[in-house]
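Report on one structure; see the data block that follows.
The values are calculated or read from the model by the stated rules, or taken from the named source; none is laboratory data. Here the structure is a predicted model, which means the values were calculated and not measured. Cβ atoms come from the backbone with ideal geometry, glycine included; neighbour counts cover every protein chain shown.
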Amino acid sequence: MKITADTNVLLRACVADDAEQSQAAIELLASADMVAVSLQSLCEFAWVLARQYQTAREDISAAIRALLNTENVVVNRPAVEAGLSVLDAGGDFADGVIAYDGNWLGGETFVSFDKKAVKLLSAQGQSARLLS
């Protein structure tokens, strides 16, 4: 079976805070022929781990990398790597994904009111502008 995993399935498999749902999620993810993981789900996954579960940035990065390295998981790898680059530099995973996706769509400059995001993306050589 080829599936698209909702964020809550990924979370249950990762945090194991509900034994029954966690087991169901783990079994499904392991048995699927293919698990499609959207960028939106990964952004939400990173956000919930950080905000709801107070998961350390390094652990969020490791969890996303574990998904990337799972044989049956399919993701937009360049976009996820862009998100991980910003996350590993101290920013938000979603900001890296948004900047990557915007560039892919034809945007030339990432603009934001988020000083940290603009600073991190600029430091990575991307065109970024702070709105004030």
If you take the residues of the stretch 69-78 that are closer than 18 Å to residue 49 by Cβ and surrounded by 15 or more Cβ atoms within 10 Å (Cβ to Cβ), which of them is farthest from the chain's Cα centre (by Cα)? 73
Of everything in the stretch 28-50, what is over 12 Å from residue 63 (Cβ atoms) and among the small types (Gly, Ala, Ser)? Give them in sequence order. 30, 31, 32, 36, 38, 41
Can we say residue 126 is more than 30 Å from residue 1 (Cα to Cα), touching a helix residue (DSSP H, G or I) at 6+ places or on another chain (Cβ under 9 Å) and of a type in the set (S, T, N, Q)? yes
Across the stretch 103-116, what is the total count of residues that are closer than 21 Å to residue 76 by Cα and either surrounded by 15 or more Cβ atoms within 10 Å (Cβ to Cβ) or modelled with pLDDT under 95 (or both)? 2
